[in-house]
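Data block below; observations after.
The values are calculated or read from the model by the stated rules, or taken from the named source; none is laboratory data. Note that the structure is a prediction, hence the values are computed from the model and not measured. Counting neighbours? That spans all protein chains shown, and the Cβs are built from the backbone with ideal geometry, glycine included. These accessible areas exclude ligands, DNA and RNA; they are computed on the full protein's heavy atoms, side chains included. Shrake-Rupley method; radii C 1.70, N 1.55, O 1.52, S 1.80 Å.
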Amino acid sequence: MPAPPLDPVVDEARLQELFDATVAAERRIEPRDWMPEGYRRTLVRQIAQHAHSEIIGMQPEGDWLLRAPSLRRKAVLLAKVQDEAGHGMYLYSAAETLGADRTDLTDRLIDGRQKYSSIFNYPTLTFADVGVIGWLVDGAAICNQVPLCRSSYGPYARAMIRVCKEESFHQRQGYELLLTMMGGTDEQRAMVQDAVDRWWWPSLMMFGPPDTDSPNSAQSMAWGIKRHSNDELRQRFVDMTVPQAEFLGVRLPDPDLALDPETGRHRFGPIDWDELKRVISGDGPCNAERIARRRAARDDNAWALEAASAYAQKHGARS
Amino acid sequence: METVYDALDAAHGGGGQWAFGTGFDDPLVGVDTTVPDGVDPADLGAYCLMLGDDALVLAQRLTEWITAAPELEEEVAFGNTALDLLGQARLLLARAGSVGVLGSSRDRASATVPDEDALAYFRDADEFRCTGLVAAVNGDFARTMVRLLVASTVRLAVLTRLRGSRDPVLAAVAAKGVHELAYHRDHAARWVLRLGDGTAESHSRAQAGVDAVWPHLTDLFTATDVEQRLAAAGVAVDPADVREEVHDVLATVLTRATLRVPDRPGDVPPRGRTGVHGPELTELLGTLQGLAREHPAATW
């Protein structure tokens, strides 16, 4: 049940002033604080989308858990996929501090009413994809998420600190796998290059539409939910990744990619935004498969959760 | 401008361990690997394969649940349990390799493949020494939890005794493993209680799980010659010694879960421990080993 207002005579304009001052001073909004309804709604949408991405994101790599070609890689990948489940749990909990409910959010994911990161709708064709997802996809996620550690909403910001630490492990694990594979056979090197070719552009799309076409960004920046624009973060990712690609010995699949000597930043070619729209709207290679798996996990096992509730009721345990 | 890694780098320190799992190439580093006096290394290696293969194969089965579990907490629990078992398997397979027990795996795996992987990826099913209990398919969540209860009860009973082994590696693996196994058994037992004493549907599923798993108890408690020799030398545990304890624990949990405890199956000579397996192990190994065997010269 939501807490009653601390002072019912205080009008909303005054509460709004306090909220604005808190955000302006870079202090945190906490669950007990008054907040504008739009702020709450935006946060729930963003945090849920992030949580869904973690959970759906278990699948592309999870496909290789049973087939990982060494026991060390299997252990590393298991630990990573397990971290992702953990991230989903923290994030759903953060959303619950805003009055959302995990079960309801899961239903919204499965019914297609809420989105998740479009990147996870691409298939993982070889084991090199596991490394490239760690390097590029988790690398892009880190660029997106490190600034969120300073997000204005306290529970989200705090969850992101832990998430980012673990993501940085994952990024290194991925890169280390690729380094090892590049030192292996010609076939392995070809596998790595092929995976980079397939994942590079979708990774750039992870930062969202260009600033000129990102309707919610300005409000989110004003609220301190978002700290940098999509294009700014995308540029940062490219600048960070190019030297890593050189060290690894792979080619990034963009003939226009070049260092601008004046700005010290990299210019890159046009992104296929139609592809992003198609994949987000459900027409990616694996959308149906990803959702079907979540639906099956929920529906096929519903009886077990019902049993747990029934047992808790019978035995007076906390549900 | 803020660099995305600055804040994170400091938290992890440097050194060779810049990513999880790096810098630990030899799993037995720092452990005394001397074979105890009067023990045949071939016996010791064979015994390590029995315990190691049980852990590896059960870890693989539990991993099948990842992304298919009833709730996120169970995804994490399956992952944790599988990781614990995988860790035990790696130490035990490495130990088998260190005493020269590699079967035909070394003929197939290239020299750069470590012993643990040669044994896990390049042996055929008939060289595996796991029991039918762990090789069996998962079935539904109830059967999976009943099997985990039985397997962790047996393994906890064995490892508890193995802490006093004259082999320092086995003793060390057991000392660490008992803490892990106690959690696995507890986790499985709690689910068996909830399912057995939950709804009519969960009760019937749990009972079906018990009935499906029970026949696998039949060859668990008969020692192989290797186990008998090593048990006499104070290195291994004779599985017959844990029979009563295992049945007592299982009967206690099942009874509290309002489930019917099936009759004890009669003891038969060991099957899985001597390399006799059903098609489900071949299938499991096909998945586990496929990629590694497709690229025998690769480095991962």
Work out the FRET efficiency for residue B:34 and residue B:179 from their Cβ-Cβ distance, taking R0 = 35 Å, and round it to the nearest 0.05. 0.90
Specify the residue with the greatest mean-square fluctuation among B:275, B:290, B:209, computed from a Gaussian network of chain B linking alpha-carbon atoms under 10 Å apart. B:290
Please calculate the 1.4 Å probe accessible area of residue B:83, with all protein chains present, and give it to the nearest 10 Å². 40 Å²
How do B:130, A:149 rank by accessible surface area computed with a 1.4 Å probe, from largest to smallest? A:149, B:130
Residue A:299: accessible area at probe 1.4 Å, nearest 10 Å²? 80 Å²
Decide, for segment A:243-319, between rounded, prolate and oblate: order the square roots of the alpha carbon gyration tensor eigenvalues as a ≥ b ≥ c, take rounded if a/c falls under 1.5, and otherwise choose prolate if a/b is larger than b/c, else oblate. prolate
Distance from a point 7 Å along Cα→Cβ of residue B:112 to each backbone N in segment A:63-95: keep the residues under 15 Å and list them by number. A:69-70
Got a number for the accessible area of residue B:107? Probe 1.4 Å, square angstrom, nearest 10. 130 Å²
Cleavage-rule hits, trypsin sites (Lys or Arg not before Pro), segment A:255-319, DSSP coil, Cβ neighbours within 10 Å at most 14: A:318
To the nearest 0.05, what FRET efficiency results for residue A:108 and residue B:211 with a Förster distance of 51 Å applied to their C-beta separation? 0.85
Calculate the radius of gyration of the Cα atoms of segment B:35-294 to one decimal place, then report Dmax, the largest Cα-Cα distance, as a whole number, both in Å. 17.7, 57
Let me know the shape class of chain A, please: from the alpha-carbon gyration tensor, a ≥ b ≥ c as square roots of the eigenvalues, rounded when a/c is under 1.5, otherwise prolate if a/b is greater than b/c, or oblate. oblate
If A:55, A:291 are ordered by their accessible area, calculated over protein heavy atoms with a 1.4 Å probe, which sequence runs from highest to lowest? A:291, A:55
Can you bin the protein assembly as shown into rounded, prolate or oblate? Criterion: square roots of the alpha carbon gyration tensor eigenvalues sorted a ≥ b ≥ c, rounded for a/c under 1.5, prolate for a/b above b/c, oblate for the rest. oblate
So which lysines can residue A:115 reach, going by Cα to Cα under 27 Å and dropping same-chain residues fewer than 8 places off? A:80, A:165, A:226, A:277
In terms of the charge dipole of segment B:35-294, which places +1 on Lys and Arg and -1 on Asp and Glu at the beta carbon, the residue among B:290, B:111, B:134 farthest towards the positive end is B:134
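Can you give me the relative contact order of chain B as a percent, contacts being Cα pairs under 8 Å and 6 or more apart?
Result for chain B is 21 percent.
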Choice from A:64, A:135, A:34 with maximal GNM fluctuation in chain A (Cα, 10 Å cutoff): A:34
What is the extension gain from residue A:63 to residue A:213, computed as 0.36 nm multiplied by their sequence separation minus the C-alpha to C-alpha distance, in nm to one decimal? 50.6 nm
Identify, among B:209, B:187, B:223, the residue whose Cα sits farthest towards the positive end of the charge dipole of segment B:187-236, taking +1 on the Cβ of Lys and Arg and -1 on the Cβ of Asp and Glu, with the dipole about the Cα centre. B:187
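Could you put B:61, B:190 in order of accessible surface area, largest first, with the 1.4 Å probe and the full protein assembly present?
Largest accessible area first, the list is B:190, B:61.
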Simple Cβ-charge dipole of chain A, Lys/Arg +1 and Asp/Glu -1, about Cα centre, in debye nearest 20: 960 debye
What is the calculated FRET efficiency for residue A:41 to residue A:281, with r their C-beta to C-beta distance and R₀ = 30 Å, to the nearest 0.05? 0.90
Just to confirm the filter: which trypsin sites (Lys or Arg not before Pro) across segment B:87-141 are DSSP coil and have at most 12 other Cβ within 10 angstrom of their Cβ? none
Dipole magnitude of segment B:35-294 about its Cα centre, charges +1 at Lys/Arg Cβ and -1 at Asp/Glu Cβ only, in debye to the nearest 20? 300 debye
